[in-house]
Amino acid sequence: MYRARKEAVYRLVATKKRAVALHKLSSELETPAPEVLKTLRELESDGLVEVFYGKGKASIMVRAKTLEDYL
């Protein structure tokens, strides 16, 4: 079950053209932010997404890595 959730989170992040805020992603998935962040950290360790701090106060942003990131 967890694997399907991990794939769903990656699929949603990958369809976004830009970085998306954690709280927005959490509301779209209807999942608590800490659980989404844990999944995103695992995807980051797999090299599929980039998690970083946004310009806003205490905002965490995420974006999917693309082929250009590796070239």
Between Lys16 and Ala58, what length comes free when the chain is fully extended (0.36 nm per residue of separation minus the Cα-Cα distance, one decimal in nm)? 13.0 nm
Checking the cross-link filter: which lysines have an alpha carbon closer than 18 Å to that of Lys16, excluding same-chain neighbours under 8 positions apart? Lys6, Lys24, Lys65
The chain, helix-only ellipticity at 222 nm - DSSP H runs n ≥ 4, -39,500 (n - 2.57), divided by all residues, nearest 500: -16000 deg cm²/dmol
The answer for trypsin sites (Lys or Arg not before Pro) in segment 3-62 that fall in a DSSP coil and have at most 15 neighbouring Cβ atoms within 10 Å is Lys16, Lys17, Arg18, Lys55, Lys57
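Values quoted throughout were computed directly from the atomic coordinates according to the rules given, and no laboratory measurement underlies them. Source: prediction; values computed, not measured. FYI the Cβ positions are ideal-geometry reconstructions off the backbone, even for glycines, and counts take in every protein chain you see.
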